[in-house]
Amino acid sequence: MKTIEIEEDLYLYIASQTKHIGESASDILRRLLEVDGQELQQAQAENVVVSNEEANVEQELVVEAVNTDSLAQTDVADIDPLNYFNFSEISEAGSSTKRFLSLLSGLYAIDGERFAKACVLKGSKREYFSQDKDLLLASGKTSKPQAIPNSPYWVITNTNTARKRHILQHVASEMGLQEFQIERLCEAV
């Protein structure tokens, strides 16, 4: 898969158009531009000539490929991670556990590799995250592990809201989010 280099303001606009957690840049652009896969492949294969009829000027639009698959793999410092979250949808999720899982899913969507490094979190007697449900069950009979949507991870959910916020704060902080962004996420639990 190839991506294009664009200016920051345009990038932020595209990221803000995310309809659901994990939606790729390609999916967003296809939806916004109403372009199917075949048309998009043809545009990537050719130089596209755009003409400005009023000025009778032709410009060549050159698409420069970079080695990135989606917005989700971009450095966290380059985007506003809060664009990955639909806070009105999260607030309607009902329980703090559902909101917690949704927020963790969004963090994973931002950068799965940083998420993996950040979710190395242990209590005095418990593991909090794992890719193996049984490992979490072994660390406590009442841990109630649940799968983090759209990720390979499980997290314990039998904790109070304050502990869920603490876990979320730890992960977001380790991923390099700014303090005001972390506060916004914690408020959403």
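The values are calculated or read from the model by the stated rules, or taken from the named source; none is laboratory data. None of these values were measured; they are calculated from a predicted model. As a convention, Cβ positions derive from the backbone with ideal geometry for all residues, glycine included, and neighbour counts pool all protein chains shown.
Miscellaneous remarks
- Taking (1) farther than 25 Å from Ser91 by Cβ; (2) in contact with a helix residue (DSSP H, G or I) (Cβ under 9 Å, 6 or more places away or on another chain) in turn, His166 satisfies each apart from (1).
- Any hit, region 127-143, residues being modelled with pLDDT of 90 or more, among the aliphatic types (A, V, I, L, M) and surrounded by 14 or more Cβ atoms within 10 Å (Cβ to Cβ): no
- Residue check, Leu121 buried (at least 18 other Cβ atoms within 10 Å of the Cβ) and either at pLDDT 85 or above or assigned by TED's automatic domain parsing to the domain that holds Thr159 (or both): no
- For region 166-189, a residue qualifies if it is in contact with a Ser or Thr (Cβ under 9 Å, 6 or more places away or on another chain) and either free of Cβ contacts under 8 Å to residues at least 40 places away in the same chain or not in a loop (DSSP other than H, G, I, E, B) (or both), and the qualifying residues are His166, Ile167, Glu179, Ile182.
- Thr159 being within 30 Å of Asp80 (Cβ to Cβ) and hydroxyl-bearing (Ser, Thr, Tyr): yes
- Test: residue in region 149-165 that is free of Cβ contacts under 8 Å to residues at least 40 places away in the same chain, closer than 15 Å to Ser102 by Cα and crowded, with 22+ Cβ neighbours inside 10 Å: yes
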